[in-house]
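Visitor: Quick one: structure below, then a few questions.
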2 protein chains.
Amino acid sequence: MTCDGLTNELLLKLDAYWRAANYLSVGQIYLRSNPLLREPLALEHIKARLLGHWGTTPGQNFIYVHLNRVIKQYDLNMIYISGPGHGGPALVANTYLEGSYTEFYPDVTQDEAGMAKLFKQFSFPGGIPSHVAPETPGSIHEGGELGYSLSHAFGAVFDNPELIVACVIGDGEAETGPLATAWHSNKFLNPASDGAVLPILHLNGFKIANPTILARMGHDQLAALMRGYGYEPFFVEGDDPATMHLLMASTLDTVVGRIKEIQRAARTDGCSGVPAWPMIVLRSPKGWTGPKVVDGLQIEGTCRSHQIPLTEGPEAPSHVALLEAWMRSYRPEELFDESGRLLAELAELAPRGERRMGANPHANGGILLKALRMPDFREYAVSFASPGSVDRSDTQVLGQFLRDVIKLNEAQRNFRIFSPDETASNRLSAVFEATSKQWLAPIEANDEHLAAEGRVIEMLSEHQCEGWLEGYLLTGRHGLLNSYEAFIHIVDSMFNQHAKWLKETRDIPWRRPIASLNYLLASHVWRQDHNGFTHQDPGFIDHVVNKKAEIVRVYLPPDANCLLSVMDHCLRSTHYVNVVVAGKHPAPQWLGIDAAVAHCSAGIGMWEWASNDQDGEPDVVMACAGDVPTLETLAAVQYLRQSLPELKIRVVNVVDLMKLQPSSEHPHGLSDYDFDTLFTKNKHVIFAFHGYPWLIHRLTYRRTNHANLHVRGYKEEGTITTPFDMAVLNDLDRFHLATDVIDRLPQLGSRAAHLEQALRDKLFEHRQYINEYGEDMPEIQNWKWELS
Amino acid sequence: MTCDGLTNELLLKLDAYWRAANYLSVGQIYLRSNPLLREPLALEHIKARLLGHWGTTPGQNFIYVHLNRVIKQYDLNMIYISGPGHGGPALVANTYLEGSYTEFYPDVTQDEAGMAKLFKQFSFPGGIPSHVAPETPGSIHEGGELGYSLSHAFGAVFDNPELIVACVIGDGEAETGPLATAWHSNKFLNPASDGAVLPILHLNGFKIANPTILARMGHDQLAALMRGYGYEPFFVEGDDPATMHLLMASTLDTVVGRIKEIQRAARTDGCSGVPAWPMIVLRSPKGWTGPKVVDGLQIEGTCRSHQIPLTEGPEAPSHVALLEAWMRSYRPEELFDESGRLLAELAELAPRGERRMGANPHANGGILLKALRMPDFREYAVSFASPGSVDRSDTQVLGQFLRDVIKLNEAQRNFRIFSPDETASNRLSAVFEATSKQWLAPIEANDEHLAAEGRVIEMLSEHQCEGWLEGYLLTGRHGLLNSYEAFIHIVDSMFNQHAKWLKETRDIPWRRPIASLNYLLASHVWRQDHNGFTHQDPGFIDHVVNKKAEIVRVYLPPDANCLLSVMDHCLRSTHYVNVVVAGKHPAPQWLGIDAAVAHCSAGIGMWEWASNDQDGEPDVVMACAGDVPTLETLAAVQYLRQSLPELKIRVVNVVDLMKLQPSSEHPHGLSDYDFDTLFTKNKHVIFAFHGYPWLIHRLTYRRTNHANLHVRGYKEEGTITTPFDMAVLNDLDRFHLATDVIDRLPQLGSRAAHLEQALRDKLFEHRQYINEYGEDMPEIQNWKWELS
């Protein structure tokens, strides 16, 4: 007996279990047959293409085996996040050993035939990816793009007070920006009402082609860094398996004790500050237990073991023998019985049922998903006598709705709002009537809306907000990220990976749909008069629509009632990425709530109250998408209709951008018939668009009337100027839009020519006025819709 | 005398200079006239729209004034990077006081009339942005999107051994991921051959709406964090100006001494390890010296002073008196003479000439730019008897060229390659014949190509690589970032900001063009057979083409000789962002070097050797862009021509993607006449594209023959599979492309129908084969171009 029940016998069994996992990992990378080496290994047993990453795998197997022990010992509710990612063989091997793999994939039985399938399918066409993937039981984090493991881990444990996420962080991944700031997540974690993250920084020393920074920093500096981040570091360092087993086991005992003590203190005595959560630094050789030296070059402990330490093939026949010796070094005959099944005395080391990390329901969040309790969004509607007669901030109205979403789900504790310091700036402050911003660091006298528990979390890092929200959603909860439109590009790549995860999981029968990832992009391109050119970029939409049509949705509600209707829909939806772009500045309101619901349900529609083509075909269609383009379009329509009453104008507004695509391309897409009915087959269409104009062309190039479609949008012109001048700089303003109509309808004749001159004069007057006064002309500021 | 010549008199003068800068900062934010308060302040003197950020400004003024002192005292060559960014008024005020502003903008004279202009133009239509911007003298870093200051600072000092960059880091910005990992830049900085960065972490405590994490961590934890990152922290904390002046001045003396000693030691005795560079933590109140309490709410020292602490206007007339009192508290009458010019005794505190931070040539890198010495790229050409007869890795060939670019510019020390751990993986290893990877951390026995000085820098952070390269280019040098294609999205937002900088600086006469930012995206979407779906995203091109046409260039060289020609062009170019996508796996070579040069110069062209329409109009055009699409197109052409010799096929290859756009949209765009000549006005065009197919439609929707354009490209289908199967999954393979032709030419009749059946059989055979063997059929692997 060593300590805490760590008998020599148990340590030997842990080692045997670890060898079994290592054996299965090597087998996955190399073998297409002869899984138990019943016959001498030959070239024909080896895959033609060797793909996979050995380097990180034995270390992760080591961690998994030891986590199994403490799960059983302390009855922990734990999931495993594999940051290094490419260690797919480790997670597959361990979930196979514990039995969860076979439950999800009954074909891959726990016997020799199943093991053969397990080996062959790995990194093989029609099989499974080489890294931890949606297909991997127990995973909520895909290996591939690196840097988000720790953010996902913290997102997973918010509001899951009984959950511990063991988060293995690769020392390569640790160099990325997102990971480097994710350590600060501890400032936002409530030890009473949230769960715990156990970061395990795995120093195996090398990336693909270089040593890692953290592995070469020296013990004291690394300890200082971890203490600086606010953690209590525990070091497990070495390469002798027996010593390491003892050290890891006793360290885990200590660390679990620390976590339980922090939680007990907070849950009994209340939260006070940011506790020094424990974390583990595991330093073990890269490619541990693999070939030491091959062809005269050191492999174990260098970056040469990152991927495939032995490259088989006719050109290196001696490697077959090396591979066989390597695999036999794990003594498979001591691990598996005659049928190829793990010996019962070893199998009992794994936890049971849902305590197995491959079967923990938190890692398949859809099965835990509870619908939000939703207030009736109609109760927050703006009411007014006629279109354009009142001004409101759209997001401010939405804030009241979100406040009550928070209230209604306070007991369920399954809804959160994340933002990079912008919830108030985005005018959603009403939520602070119902909740606070969660913040565990010291709170001072003049701070507002900070508390140890709250539904809003803000940190100046889009990466963190996105990563936390993803982790929160993937474990079966709901949420929203609100951000400035331009800077959401910071997480372009994270969006990519999440969208790919959603696409893949649609085809995995045991994965259940999760809540949609909702982006609310306020503070958009047209109202950066305060911040200027650097804050102007509406291209996130362009980025999003490159992903699979069944996953992405883009909404541009033109006013508050439409925003309410859209957000209600988004919060109820599952398994999408919803992008909602909305204005925050007071602006005219167009649709009563019933009209808004009808319009948003259709996603696109004619605005008859603004059109005058009721008795036939229009002369021109004026289309718009987005709040500012809608305002400018309506102002242009009013100029035109007042000056040229004989001109028949149809106004079309687009809320759901995907309606523009052919129905063959997107499930929301209009049929060609419906599209032609709205946009006509042969009339000019002046389209004022919120984003880059080419996106509209991209979505509509197959439509009948595409040649007559003229799009105005953001064309990278902007600076600090007045709100209206931003539209002018990009030719999206009412005067340019009206001119666009006149230019395309020569039949309008001399009255139109006069109007065109008047519009030019207006633009000149505007320029003069803002240069002198620095604000928009009263005529612009006070403009109202006057037609009925 | 206190220490180091810090007399009381000097400290009083520093304070006066600081007051002058603060006065000018407040004036910029608020006043449109009456700049010296010659008359009592009235509402009419105040701007209608108040835009700007006061919070960070006084602290930055404080830093600038003190840096001026040490520049003079020690004759330092220093530039200033303002990370918080929105403190634009500070940099404008200080460059105005030191005289550099007036040299660049002669209209803004150093007298009352000039001061009035200085005030009015700030954050005013037609004026200057509210944050540090390209328009700001001395700036290489735009305030706006936060997080990149420290990466830019290190990029600027690489190979500038005499330069010190004082990098002010906001405590908000410090929460971002990119900034959090940028501290690790010290592991890559050579104290002998590079300059020094002096990070000044400015803790003013608050972001827009929240306290900052770093300000609430506590002294010891923050010190541990900085030591963990490897720095020696010096704390300057307080709010009493007199005390703070003395503390800041003596700290800067110490810190400059430390920098000089580190450099002396390394330059005399050689480098050994990562030195503990000094850094300063400056903790001062947000909105320091501004209004303390307004309307009963504390302002100074809270986030209420972040933007505009007093909101004037008719609704708050009492604020006018508060503003006047605030401005008069700086005692302008003691600072400026009758004409409105800074008193001579204060003006002499600023450095002279190019030592002024607003006039340092390193901050206007174009004037220091020296063209690279270029080897003749033709000497690296692949030669072969006929198209497709040899296979080469395109990037491997390029590596040899880059190796010699490095060699030829070793003495100039103005070329660097940055990569997130992928230079070798991208097959550019030939560069290591000429140089090493720069790495100051410990080097161990099995490390390869690491040294204290080297032209390549690798860290597993795309953010760092991008930020370093930008800093390096902005200070007048050349470089290249090589990365995996999918993960370059990580820096989408950084690219945005750099492209915006380039656009803006084109219109600033005193800014000279800098070297282009060159991306080499190898390891692209079609050859992620190893890594699978997460590594597949060709959308960076889509993102890039949203920016201004005069800035962005996209190249898709189909083989090694074209890649050589393209890269030679990119490395010679200035003021663009060049995106080059290239293959790294051995693949057929098509064009001899002369043909490649001609083809790349044209950017697009007919490949007559592959076409059989020489005697007239083609029946179909088969277009391609990218190495894999080109291969698959040629294979399809061969199938078709061999089976249906009467079918006239024209092959068009696109290297320069911008050629597809109308000439009205992009300077490289083909005229409609040329486009129609290549693509015909009425024949079907089957276009095999490297990226998302919609991009081609977006670029070509105005072309005559657009309705006949059928594009195949990546449609988010992929996994770990064989190289050829990736094409099959996305319908881009030879069999699908040939079928596309047959489907659109019903006149081909029964022989074509038989061929179509054969193509379907091939696809079936392919699927069977890879499922069994895990690699492509020999027929695919060994395919050769056989026509002549």
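The values are calculated or read from the model by the stated rules, or taken from the named source; none is laboratory data. What you see is a predicted model; the values in this text were computed from it and never measured. Counting neighbours? That spans all protein chains shown, and the Cβs are built from the backbone with ideal geometry, glycine included. To get the accessible areas, we keep the full protein, side chains included, count just its heavy atoms, and leave off ligands, DNA and RNA. Shrake-Rupley method; radii C 1.70, N 1.55, O 1.52, S 1.80 Å.
Visitor: Cα to Cα, under 14 Å, and not fewer than 8 places away if on the same chain: which aspartates and glutamates meet these conditions relative to A:K13?
Guide: Within the straight-line limit of under 14 Å, A:K13 reaches these aspartates and glutamates: A:E334, A:E345, A:E348.
Visitor: Check cross-link reach from A:K260 to the aspartates and glutamates: straight Cα distance under 15 Å, and skip same-chain residues fewer than eight apart.
Guide: Qualifying aspartates and glutamates at Cα under 15 Å: A:D75, A:E162, A:D194, A:E232, A:D269.
Visitor: Among the listed pairs A:K72/A:K500; B:K503/B:K659; B:K370/B:K437; A:K207/B:K548, which are separated by more than 27 Å between their Cα atoms?
Guide: Details: A:K72/A:K500 34 Å; B:K503/B:K659 21 Å; B:K370/B:K437 23 Å; A:K207/B:K548 37 Å.
Exceeds cut-off: A:K72/A:K500; A:K207/B:K548.
Visitor: Could you grab the relative contact order for segment A:8-363? Cα pairs under 8 Å, six or more apart, rounded to a whole percent.
Guide: Values: 679 pairs, mean separation 87.7, N = 356.
Once divided by the residue count of segment A:8-363, the mean separation gives 25 percent.
Visitor: Taking the label point as lying 7 angstrom from Cα along the Cα-to-Cβ axis, what are the distances from A:D376 to the corresponding position in the remaining copies, in ascending order and in nanometres?
Guide: 8.4
Visitor: Could you please state, rounded to a whole Å, how far the C-alpha centre of segment A:38-96 is from the C-alpha centre of segment A:16-36?
Guide: 9 Å
Visitor: Using a 1.4 angstrom probe and counting only protein chains, how large is the accessible area of A:T56 in Å², to 10?
Guide: 20 Å²
Visitor: What's the FRET efficiency of B:R751 with A:H754 using the Cβ-Cβ distance as r and R₀ = 60 Å, to the nearest 0.05?
Guide: FRET efficiency, B:R751 to A:H754: 0.40.
Visitor: Run the label-point distances for B:G257 please: 7 Å along Cα to Cβ, every other copy, nanometres, shortest first.
Guide: Taking the point 7 Å beyond Cα along Cα→Cβ, the inter-copy spacings are 4.7 nm.
Visitor: Taking the Cβ of B:L763 as the centre, find all other residues whose Cβ is under 12 Å away and add up their charges (Lys, Arg: +1; Asp, Glu: -1).
Guide: -2
Visitor: Please list the radius of gyration and Dmax for chain B, considering alpha-carbon atoms only, with Å as the unit.
Guide: When restricted to Cα atoms, chain B yields Rg and Dmax of 30.3, 102 Å.
Visitor: Hey, another quick one. Through the Karplus equation 6.51 cos²θ - 1.76 cosθ + 1.60, θ set to phi - 60°, convert the phi angles of segment B:67-82 into ³J(HN,Hα) values in whole Hz; use x for Gly and Pro.
Guide: 5, 3, 4, 6, 4, 5, 4, 10, 6, 7, 9, 9, 10, 10, 10, 9
Visitor: So what's the net charge close to A:T102: Lys and Arg +1, Asp and Glu -1, counting the other residues with Cβ under 13 Å from its Cβ?
Guide: Net charge around A:T102: -1.
Visitor: A further question on this structure: Relative contact order of segment B:101-152, please, whole-number percent, based on alpha carbon pairs below 8 angstrom and at least 6 residues apart. Intermediate values should be presented prior to the final figure.
Guide: Details: 37 pairs, mean separation 9.4, N = 52.
Value for segment B:101-152: 18 percent.
Visitor: A follow-up question, please. If one computes the Cα centroid of segment B:369-426 and of segment A:751-788, what distance in Å separates the two points?
Guide: One Cα centre to the other: 56 Å.
Visitor: Further, regarding this structure: Rounded, prolate or oblate: pick one for the protein assembly as shown, where a ≥ b ≥ c are the square roots of the eigenvalues of its C-alpha gyration tensor, a/c under 1.5 means rounded, and failing that, prolate if a/b is larger than b/c, else oblate.
Guide: The shape class here is rounded.
Visitor: Find, among the GluC sites (Glu not before Pro) in segment A:151-194, those assigned to loop by DSSP (not H, G, I, E, B) with at most 12 other beta-carbon atoms within 10 angstrom.
Guide: A:E162
Visitor: So what is the relative contact order of chain B, in percent, for Cα pairs below 8 Å that sit 6 or more residues apart? List each step's numbers first, then the result.
Guide: On the way: 1653 pairs, mean separation 85.0, N = 788.
It comes to 11 percent, rounded to a whole number.
Visitor: Next question. If you plug each phi of segment B:568-581 into the Karplus form 6.51 cos²θ - 1.76 cosθ + 1.60 with θ = phi - 60°, what whole-Hz ³J(HN,Hα) values come out, in order, with x for Gly and Pro?
Guide: Here the 3J(HN,Hα) series is 4, 4, 5, 5, 8, 7, 10, 6, 10, 10, 9, 10, 10, 10 Hz.
Visitor: Shifting gears a bit: Roll a 1.4 Å probe over the protein chains and send me the accessible area per residue for the protein assembly as shown in Å². Present the calculation step by step, with values, prior to reporting the outcome.
Guide: Numbers: 46050 Å² over 1576 residues.
With all protein chains present, the protein assembly as shown gives 29 Å² per residue.
Visitor: Take peptide B:203-213, look around each residue's Cβ out to 10 angstrom, count Cβ atoms belonging to other protein chains, and average those counts.
Guide: Average per residue, whole number: 6.
Visitor: Can you pull the percent of segment B:605-781's accessible area that's carbon plus sulfur, 1.4 Å probe, other chains left in place?
Guide: 49 percent
Visitor: Working from Cα positions, state the angle (0 to 90°, nearest 10) between the long axis of helix B:8-30 and the longest principal axis of chain B.
Guide: Helix B:8-30 sits roughly 60 degrees off the main axis of chain B.
Visitor: Continuing with this model, one more query. Quick one: grab the alpha carbon gyration tensor of segment B:49-160, order the square roots of its eigenvalues as a ≥ b ≥ c, and give me rounded if a/c is under 1.5, else prolate or oblate depending on whether a/b is larger than b/c.
Guide: oblate
Visitor: Give, ordered by residue number, each residue of segment A:700-722 whose 1.4 Å probe accessible area is reduced by a minimum of 20 Å² on adding the remaining protein chains to the chain alone.
Guide: In segment A:700-722, residues shielded by partner chains: A:Y701, A:H706, A:E716, A:E717, A:T719, A:I720, A:T721.
Visitor: Which stretch or stretches of segment A:163-192 have amide N atoms under 19 Å from the point lying 7 Å from A:S272's Cα along the Cα→Cβ direction?
Guide: A:187-192
Visitor: So which lysines can A:K47 reach, going by Cα to Cα under 24 Å and dropping same-chain residues fewer than 8 places off?
Guide: Within the straight-line cut-off, A:K47 pairs with A:K117, A:K120, A:K286, A:K292, B:K584, B:K762.
Visitor: Moving to a separate point now. With both bridge residues required to lie in segment A:8-363, what share of the DSSP beta bridges run antiparallel, to the nearest 5%?
Guide: Restricted to segment A:8-363, the bridges split so that about 15 percent are antiparallel.
Visitor: So what's the back-of-envelope 222 nm ellipticity for chain A, counting only DSSP H runs of four-plus at -39500 (n - 2.57) apiece and dividing by all residues, rounded to 500? Provide the component values of the computation, followed by the final result.
Guide: Details: 24 runs with 286 residues, N = 788.
So the calculated ellipticity at 222 nm is -11000 deg cm²/dmol.
Visitor: Using a/c under 1.5 as the rounded threshold, could you call segment B:605-781 rounded, prolate or oblate? The axes a ≥ b ≥ c are square roots of the C-alpha gyration tensor eigenvalues, and prolate needs a/b larger than b/c, oblate otherwise.
Guide: oblate
Visitor: Once the mean 1/r over all distinct Cα pairs of segment A:8-363 is inverted, what Kirkwood radius in angstroms do you read off?
Guide: Computed over segment A:8-363, the radius equals 20.4 Å.
Visitor: Next up: May I ask you to derive the FRET efficiency for B:Y74 and A:N771 from their Cβ-Cβ distance with R0 = 51 Å, giving the value to the nearest 0.05?
Guide: E between B:Y74 and A:N771, to the nearest 0.05, is 0.70.
Visitor: Got the B:L787 label distances to the other copies yet, label 7 Å along Cα→Cβ, in nm, shortest first?
Guide: Spelled out, the distances from B:L787's label point are 5.7 nm.
Visitor: Residues of segment A:445-479 with amide nitrogen under 17 Å from the 7 Å Cα-to-Cβ point of A:M374?
Guide: Correct set: A:477-479.
Visitor: Quick one: of the DSSP bridges fully inside chain A, what percent are antiparallel, nearest 5?
Guide: Approximately 15 percent, going by the DSSP bridge assignments.
Visitor: Using the alpha-carbon centroid of each, what span in Å lies between segment B:523-539 and segment B:183-221?
Guide: 36 Å
Visitor: I want the local charge near A:R356. Using Cβ-Cβ distances under 11 Å, sum +1 for each Lys or Arg and -1 for each Asp or Glu among the other residues.
Guide: It works out to a net charge of 0.
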